[in-house]
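The values are calculated or read from the model by the stated rules, or taken from the named source; none is laboratory data. All of these numbers come straight from a predicted model, not from anything done at the bench. Note that we place each Cβ from the backbone using ideal geometry, even for glycine, and neighbour counts take in every protein chain shown.
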């Protein structure tokens, strides 16, 4: 019985290299519950519109080839501005996240009309850095959170925050600038493309 369960898990893990639906079955309930709202993260050969595990064949492209994705939030209010945070809470590993949260991207003053269309541009407080989890440590979560900005609010990073991408406190940033609960959140999980 134990051997048959082990073989079943191995089959599912191997199949994860080929199909998205099988990979999604491996998401924990906590990982799946993170995603809410209608946010779409669009890379050249990958559209993330739900919590998912990135396929093996895409991992090298996402970590070495592709630049920043396009973002689309159809429910964005055309007249408002938004802030996007992209973070990795698992740096350097999910078991020992001593550099959590790693800031991968921070955009502010995103116009709602642009976010609604998927033509996002804003003020980049942290330039986009590709997901590059270390080899041999398993899956990392890459989380995208979109917040509605308070009207007239000017957001910035402190000199200390600018000096390092790791050990960033996104909750302190959110509270400092009066950002409420995210209007949308999305994540994908990936690991080193050589694993």
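Here's the yes/no breakdown for (1) closer than 30 Å to residue 179 by Cα; (2) touching a strand residue (DSSP E or B) at 6+ places or on another chain (Cβ under 9 Å); (3) surrounded by 12 or more Cβ atoms within 10 Å (Cβ to Cβ); (4) at pLDDT below 95:
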position: 6; (1), (2), (3), (4): no, no, no, yes
position: 17; (1), (2), (3), (4): no, no, yes, yes
position: 30; (1), (2), (3), (4): yes, no, no, yes
position: 54; (1), (2), (3), (4): yes, yes, yes, yes
position: 61; (1), (2), (3), (4): no, yes, yes, no
position: 66; (1), (2), (3), (4): yes, yes, yes, no
position: 86; (1), (2), (3), (4): yes, yes, yes, no
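Results for (1) outside any loop (DSSP other than H, G, I, E, B); (2) exposed (fewer than 15 other Cβ atoms within 10 Å of the Cβ), shown as yes or no for each residue.
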| position | (1), (2) |
| --- | --- |
| 94 | no, no |
| 97 | no, no |
| 104 | yes, no |
| 107 | yes, no |
| 110 | yes, no |
| 138 | no, yes |
| 144 | yes, no |
| 153 | no, yes |
| 160 | yes, yes |
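Quick check on my filter: what residues within segment 162-171 are assigned to a helix (DSSP H, G or I), surrounded by 11 or more Cβ atoms within 10 Å (Cβ to Cβ) and out of contact with any strand residue (DSSP E or B) (no Cβ under 8 Å at 6 or more places or on another chain)?
162
Of 110, 137, which residue is farther than 13 Å from residue 86 by Cα and either out of contact with any strand residue (DSSP E or B) (no Cβ under 7 Å at 6 or more places or on another chain) or in contact (Cβ under 8 Å) with a residue 60 or more places away in the chain (or both)? Break it down stepwise before answering.
On the way: 110 fails: either out of contact with any strand residue (DSSP E or B) (no Cβ under 7 Å at 6 or more places or on another chain) or in contact (Cβ under 8 Å) with a residue 60 or more places away in the chain (or both).
On inspection, the qualifying residue turns out to be 137.
Would you mention how many residues in segment 47-68 are part of a loop (DSSP other than H, G, I, E, B) and under 12 Å from the mean Cα position of the chain (by Cα)? Steps first, answer last, please.
Step one: filter segment 47-68 for residues part of a loop (DSSP other than H, G, I, E, B), giving 49-51, 54-55, 66-68.
In the following step, the residues that additionally are under 12 Å from the mean Cα position of the chain (by Cα) were identified as 49-51, 54, 68.
Here the count works out to 5.
Considering only segment 114-125, I want to know if a residue exists there that is in a loop (DSSP other than H, G, I, E, B) and over 26 Å from residue 40 (Cβ atoms).
no
In this structure, is residue 71 in a strand (DSSP E or B) and crowded, with 21+ Cβ neighbours inside 10 Å? Steps first, answer last, please.
Values: in a strand (DSSP E or B): yes; crowded, with 21+ Cβ neighbours inside 10 Å: yes.
Answer is yes for this residue.
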